Structures are given as structure tokens and as C-alpha cells.
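Read through the structure below, which is laid out as C-alpha cells, and then see the notes.
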Amino acid sequence: MSDEANSRLRIGEVFRYNKSFPTDESIVDGLPNFIYVTGTEGRPNAQLESGINPIGSIGECPAILISSSSHKHGSKESPWQDEFDVDQGFVRYFGDNKSPLDPSKSSGNKSLLEQFAFHKSGLREERLKAAPILLFSSVKVGTR
């Protein structure tokens, strides 16, 4: 697992990601290993397999990771385009519901809606329970 100094995530940093990467290798294919950098002993690995990825259950969730696959924008499976504008502090994210059913029932959207109550609370002690929301966008690096 990573030590505290190496486990800081920085805006704009590019990671190599695969959920099956080893937790003890800091670099994979010349890039920081996401699984290593986000690893915490005794906790499940952080994953970016779906659009919205809570780490643990809502009451114990240390973070919610949101992943956007820009290479899929405009495709049949992802006709929408998520927008992450870090400089302006603006995000437009379309969620993880791909079926025509109620979007609040999909697990990722449900997690965000449950967290929203903590984030918007007028009570400081409730806001302290809010899990940070971290945004990730896939990018092409070389042929990957």
C-alpha cells in the first residue's frame, strides 16, 4: 500500500488504471498506478468500473469517485457529453443510469442522492459526514 506522501491525488494528474493491478506497484507502464495510490489497507480498492463508484456503504463512505469516458461521448451507449470544467468549478455529469427506468434507482445515482442530504445540510455536523466527490476522466496516453 502507498504511504501518505505518495497517496495524494492532484488535479490533472494522469494515472494508469485497471482494477486488477497490484496494490504494491507504484508505477505501471510508466504512470502512477491508481490502485496503489488510492490503496488503504483493510479497505476495498477504489475502482472506476462504472460512472459512479462509492467506496464502501453510505454511512462509512470515504469518497465517491465519478468516472467519465470521454472517448465514448457521442456513441450509441453514451450519446451525452459530461463536462468537467475545473477552472470554473463546474461539472455537468449525466449519471450512471443506462436503462429507461427511474434514474434514482440505479446504485450510483442513489449513492449521490443519499450524499446530497449531507452536502446541502445547514448543520455543520451533518456536512462533516459528506463524502468527497472525486472526478476522473479517461484520457489517451500514447496508444492507451
Tensor-based shape of the stretch 104-144 (alpha-carbon gyration tensor, a/c under 1.5 rounded, otherwise prolate or oblate): oblate
Partner aspartates and glutamates for Lys110 [C-alpha distance under 18 Å; skip if fewer than 8 residues away on the same chain]: Glu49, Glu60, Asp96, Asp102
Computed label-point distance, nm, for sites Arg10 and Phe116 using a 7 Å Cα→Cβ extension: 3.5
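Every number in this text was worked out from the coordinates using simple rules, so none of it is lab data. This one's a predicted model, so the numbers in the text were calculated from it and none came from an experiment. Ideal geometry is used to build each Cβ from the backbone, glycine not excepted, and the neighbour counts take in all protein chains shown.
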